[in-house]
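Every number here is computed from the coordinates shown, using simple stated rules; none is lab data. Values in this document were obtained by computation on a predicted structure and should not be read as measured data. A quick note on method: Cβ atoms are made from the backbone with ideal geometry, for glycine too, and the neighbour counts reach across all protein chains shown.
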Amino acid sequence: MNSLGVALASDSAATVNNGEGGKVFNTADKLFMLSKRHPVGVMVYENAAILGVPWETIIKMFRRQLDSKPFANLEDYGRALIAYLDNNEQLFPPALQDRFYLRSLETLYAALAGRVEDAIYERIVEGSDGSQTPSDIARELVTKERDRWASEPEASCLKAGVGARLTGRFSGEISTRIADAFGPFRIESDTMQALYDLARLIVSKERIPTFALSGIVVAGFGQDEHFPVLQPIEIGEVFEGRLKCRFGQVRKVDCDNPSVVVPFADADMVNTFLHGMNPSFELRMTKEMADLVINLPDAIVDAMTDLTDAQRKKWKKQLQRESKHAIKSLSEKVDQRRQEKDLGPIHQAIANMPKDEIGHAAARLVSLNWFQKRMSLTTETVGGPVDVAVISKGDGFIWIDRKHYFRPELNQHFFDNYNFSPENHGARHDQGETPNNENTKVRTRAKPRRRSAQRTD
């Protein structure tokens, strides 16, 4: 983003997760107008659906309901979308909510049981003395996972006590799923209780399990805003009619922050480009250097045989203090260098880019991440054509590059219906839509550039 507008770029890989497993498709639409009349867009990442309902369907239904209603602030559009999903039994019937809750438990328990099995195998390979039984290992891992969830803050967006009510109502089904996943390990009562606690905690806590996570990014301009704003929202499942969600940090362009770059989902290569170093490698290197600097003084002092115990203790304390100071100083110098040589110049360049250039820059960052995935042996969660849009205060939502799952020259009726408005019979379109007349038909029937894809907005 810069003062002129915000560029949104998305690949076409989307994960569909039904609670039993996920699949990646490379023809999905993940970038949409949130309003045909106002400069607001929305981008989707992680799961492509909520409780099996595609985000594409949800966004277009919400857009129809929103119509021409403006909001003063960009954040209000995100809140309106969440309000639309709350208590919406037409989209999420109670039976569907319950079914996906139980599927989530199956996914959670299967993952934990897999970790227990891996831990047992590792101990066998390492030649363990056998003092820990499979039941002990299961207790250790499940208890640690339960405690990790218990330390999370409560979800303020849900009804009080919803987790306890669900575990009480489905106690029999939960027992069955625990037995299916952990039966071979012969778990004891305290492990069983920890698993019941997890069934409650994954609902009541603010944290959203990875397998249930959908992310949306609402970006653009509110009616009273002159610079672009970006609002990320993490969304989980629906419990007792209420949508579990968590609003992320709002990012704005202003005089103090003339440009903003925010990657979502798989962003290792984008962060590597921005920061000049792979984040995972940097974290590992920092840890190794800290361990070296902190432990080295002790090794040096221990090697000095002519020191008394009191002198040895004094020197270790002093050298440890100096070591911690050296690590802090090194970290500050690295951050300063990064700001001067990497982040600073990039943000300065983006701040001065025209609208089309920020669109192309966003697309290339996505392509960079795709190339990294392509050159690795991991699952390609980034791929397919890259859709790009630029949103500005004056021009609204403008497509820079976009795929279609159909041939436009064979589907003139789609564009006629898309542009039709009951109020003006399709004669006026504020978001760059061409009026429905003879000239429109001539232009839209011109042979377009064809790209493989799945859907259109």
Seminar exercise, completed: Nearest 10, in degrees from 0 to 90: the angle of helix 94-125 to the longest Cα principal axis of the chain is 40
Seminar exercise, completed: A correct Karplus calculation of ³J(HN,Hα) over region 304-317, with 6.51 cos²θ - 1.76 cosθ + 1.60, θ = phi - 60°, whole Hz and x for Gly and Pro, returns 8, 7, 8, 9, 6, 4, 5, 5, 4, 5, 4, 5, 4, 4
Seminar exercise, completed: So for R0 = 51 Å, FRET eff. of Ile300-Arg169 from the Cβ-Cβ r, to 0.05, ends up at 0.20
Exercise. Is any residue of region 312-349 close enough, with backbone N under 14 Å, to a label point placed 7 angstrom from the Cα of Leu292 along the Cα-Cβ axis, and if so, which?
Worked result: 327, 330-331
Problem set entry | Extension gain, Ala110 back to Arg312 (0.36 nm per residue minus Cα-Cα distance, nm) | 67.5 nm
Seminar exercise, completed: So Ser68 and Asp395, fully extended at 0.36 nm per residue minus their Cα-Cα distance, gain in nm 116.1 nm
Exercise. Non-local amide H neighbours of Glu237 (under 5 Å, H modeled in plane, Pro and chain starts lacking H): which ones?
Worked result: Lys244
Exercise. Near Asn369, within a Cβ-to-Cβ distance under 12 Å, what is the net charge of the other residues, with Lys and Arg +1 and Asp and Glu -1?
Worked result: -1
Seminar exercise, completed: So the angle from the long Cα axis of helix 189-204 to the longest Cα principal axis of the chain, reported in degrees to the nearest 10, equals 30
Exercise. Residue by residue through region 69-82, which ³J(HN,Hα) values in whole Hz follow from phi under the Karplus form 6.51 cos²θ - 1.76 cosθ + 1.60 (θ = phi - 60°), with glycine and proline marked x?
Worked result: 5, x, 10, 5, 10, 4, 4, 5, 5, x, 5, 5, 5, 5
Seminar exercise, completed: With label points set 7 Å from each Cα along the Cα-to-Cβ direction at Leu283 and Asp118, the distance between them in nm comes to 1.5
Problem set entry | Label point distance in nm, Ser156-Glu140, each placed 7 Å from Cα along Cα→Cβ | 3.9
Seminar exercise, completed: For the chain, longest principal axis from Cα atoms; helix 279-303 axis from its Cα atoms; angle between them, nearest 10 degrees, is 20
Seminar exercise, completed: Most exposed to least, judged by fewest other Cβ atoms within 10 Å, Cys157, Cys245, Cys255 sort to Cys255, Cys157, Cys245
Exercise. Using 1/(1 + (r/R0)^6) with R0 = 56 angstrom and r between the beta carbons of Val250 and Ala95, what's the FRET efficiency to the nearest 0.05?
Worked result: 0.95
For this session: Estimate the FRET efficiency between Ala179 and Arg242 by the formula 1/(1 + (r/R0)^6), using the beta-carbon distance for r and 22 Å for R0, to the nearest 0.05.
Result: 0.15
For this session: Quote the charge dipole size of region 269-351 about the Cα centre in Debye, to the nearest 20; the model charges only the Cβ of Lys and Arg (+1) and of Asp and Glu (-1).
Result: 240
Problem set entry | Identified option (computed percent of Cα pairs over 33 Å apart; candidates (i) 40; (ii) 48; (iii) 51) | (iii)
Problem set entry | Restraint check, Lys252/Lys324; Lys69/Lys252; Lys159/Lys393; Lys60/Lys355, Cα-Cα greater than 30 Å | Lys252/Lys324; Lys159/Lys393
